[in-house]
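A quick write-up on the structure given underneath.
The values are calculated or read from the model by the stated rules, or taken from the named source; none is laboratory data. In this text, all values refer to a predicted model and were calculated from it rather than measured experimentally. Virtual Cβ from ideal backbone geometry, glycine too; neighbours counted across all protein chains shown. What goes into the accessible areas is simple: the full protein's heavy atoms, side chains included, and nothing from ligands, DNA or RNA. Shrake-Rupley method; radii C 1.70, N 1.55, O 1.52, S 1.80 Å.
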Amino acid sequence: MFVVSLVFLFLALIGLIVGIVMPAGSRAVPRLVSMVLAAVGVIAFVFSMFTTVPASNVAVVTTFGKVGTELLGEGAHFIAPWSRTRDIYLAQQRVDAAKSEAGSKDLQSVHADLVVNFVVDPNKARELYVSNPSLSYAELLLQPATYETFKAVVAQYTAEELVTKRQEVSAAIARNLQQRMVQYHLVVQNVNLVNFGFSKSFDQAIEEKVTANQKAATAENNLKRTKFEAEQRIAQAEGEAKAIAIQAAAVEKSGGVGYVQLQAIAKWDGKLPQYVAAGSPMPFVNVK
């Protein structure tokens with residue numbers, strides 16, 4: 001815009017010069033044209049001093065390549081017409097580290113897709129621009145560091161720990177990644193592990209182990225149930241034996257065979273059997 005305004009001002013100046021050197025009778029048109037060009041040039045010059053910073057951004061001001069010390073906040077600002085601004089986004093951003101691969105502590109192959117949420121340190125936005133004028137820090141700095149951090153952290157855990165301590169692993173990756181990004185003025189907020197898994201052979205081994213554990217648990221439960229049922233039967237048999245022994249002792253104490261016959265008489269309904277097998281004693285015949 002500044003260059004355009006200078007062009008219009010230059011044309012206006014030429015128009016004025018032409019109007020002055022031309023004969024008096026033919027100066028009206030050149031003067032009118034020069035006035036229009038001058039007005040357009042002034043308007044363009046004013047607009048070249050006006051800039052707007054979008055929401056969730058700050059802007060650095062550069063003058064002939066030199067970065068200014070002050071940052072511009074959101075809203076409208078007037079700057080020198082020969083200066084330029086560059087917006088830096090401060091809200092949350094993300095970078096994807098797809099198909100990350102690493103080895104666990106017990107030498108198992110691990111793969112995952114990582115999603116890193118981060119922001120630019122608002123107090124270090126100028127330093128960030130000075131060190132990375134292209135502002136391609138996500139691809140050039142954060143993504144490669146994410147791959148390396150994933151490998152370093154995963155190597156500290158066994159495959160089983162990576163499954164049971166997944167949240168702890170994510171927090172460790174975020175913490176280590178933040179330590180790396182401090183020098184680049186980026187703040188890592190969190191790291192999410194997506195499509196986290198192991199090699200097919202390891203997954204199959206885990207499945208077989210789970211199946212074996214389930215079968216072992218079932219067999220153990222069956223054994224416990226069988227043992228319990230056997231103990232129940234033994235206890236029942238022991239109880240019955242003790243009851244019989246107690247009854248026998250009571251009978252012996254009360255008179256032995258005579259007591260048994262007496263109990264039979266007490267329970268007899270008075271009816272004799274219609275048929276008696278040969279050699280069988282007649283009931284109660286020998287009762288004295």
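Quick look at the values:
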quantity: Check on Thr52, over 17 Å from Glu127 (Cβ atoms) and modelled with pLDDT of 90 or more; calculated: yes
quantity: Qualifying residue in the range 90-106 (condition: at pLDDT 85 or above, within 31 Å of the chain's Cα centre (by Cα), surrounded by 14 or more Cβ atoms within 10 Å (Cβ to Cβ) and more than 30 Å from Ala155 (Cβ to Cβ)); calculated: yes
quantity: Residues of the range 51-85 satisfying the condition of being aliphatic (A, V, I, L, M), closer than 19 Å to Leu135 by Cβ and surrounded by 14 or more Cβ atoms within 10 Å (Cβ to Cβ); calculated: Val53, Val58, Ala59, Val60, Val61, Val67, Leu71, Leu72
quantity: Qualifying residue in the range 72-79 (condition: under 30 Å from Asn195 (Cα atoms) and either assigned to a loop (DSSP other than H, G, I, E, B) or over 21 Å from the mean Cα position of the chain (by Cα) (or both)); calculated: no
quantity: Residue count for the range 163-191, restricted to those that are surrounded by 14 or more Cβ atoms within 10 Å (Cβ to Cβ), within 22 Å of Leu128 (Cβ to Cβ) and of a type in the set (D, E, K, R); calculated: 1
quantity: Filtered residues of the range 109-124 (kept if touching a residue at least 40 places away in the same chain (Cβ under 8 Å) and open to solvent by 50 Å² or more (accessible area, probe 1.4 Å)); calculated: Ser109, His111, Pro122, Lys124
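Conditions (1) aliphatic (A, V, I, L, M); (2) within 24 Å of Ala91 (Cα to Cα); (3) assigned to a loop (DSSP other than H, G, I, E, B), marked per residue:
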site	(1), (2), (3)
Ala112	yes, no, no
Phe118	no, yes, no
Tyr129	no, yes, no
Pro133	no, yes, yes
Leu141	yes, yes, no
Ala145	yes, yes, no
Ala152	yes, no, no
Gln156	no, no, yes
Ala171	yes, yes, no
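Quick grid of which residues meet (1) modelled with pLDDT under 90; (2) open to solvent by less than 40 Å² (accessible area, probe 1.4 Å):
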position	(1), (2)
Pro144	no, no
Thr149	no, yes
Lys224	yes, no
Lys227	yes, no
